[in-house]
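Step one of this worksheet: look at the structure below.
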Amino acid sequence: MQDITVKGWLAVTYVGLFEMGVTFVLWLTALKLTNNTARVSNLIFASPFISLILLANIIGEAIHPSTLIGLVLIIAGLAIQQIQIGKKVPST
């Protein structure tokens with residue numbers, strides 16, 4: 001078994017604290033503070049757009065047509081869901 005380098009520990013610490021820990025706490029706080037969790041929950045679907053922009057601009061990764069089709073499908077699904085949330089379904 002190999003020893004973990006300082007660089008490895010720093011990477012693991014970063015992922016644990018910022019990508020998992022702090023963001024999870026902020027997300028739970030946002031859900032607790034809202035009156036409509038369904039609308040706030042849909043914000044998680046913004047992450048593919050943000051990731052795509054970062055990957056394309058910082059790393060220079062190519063954006064494939066299939067990725068754009070997937071993003072269009074995500075937007076369509078969110079739009080349909082928002083329309084359904086906007087309609088008040090009478091309780092039975």
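Structure summary
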read-out	value
Within segment 2-44, considering residues that are charged (D, E, K, R) and without any contact (Cβ under 8 Å) to a residue 24 or more places away in the chain, the one nearest to Ile80 (Cα to Cα)	Lys32
Residue match in segment 66-87 (condition: surrounded by fewer than 12 Cβ atoms within 10 Å (Cβ to Cβ), outside any helix (DSSP H, G or I) and modelled with pLDDT under 85)	yes
Close pairs from segment 58-75: first more than 18 Å from Phe45 (Cβ to Cβ), partner in a helix (DSSP H, G or I), Cβ under 7 Å, at least 6 apart	Glu61/Leu55
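The values are calculated or read from the model by the stated rules, or taken from the named source; none is laboratory data. None of the values given here were measured: they were computed from a predicted structure. A quick note on method: Cβ atoms are made from the backbone with ideal geometry, for glycine too, and the neighbour counts reach across all protein chains shown.
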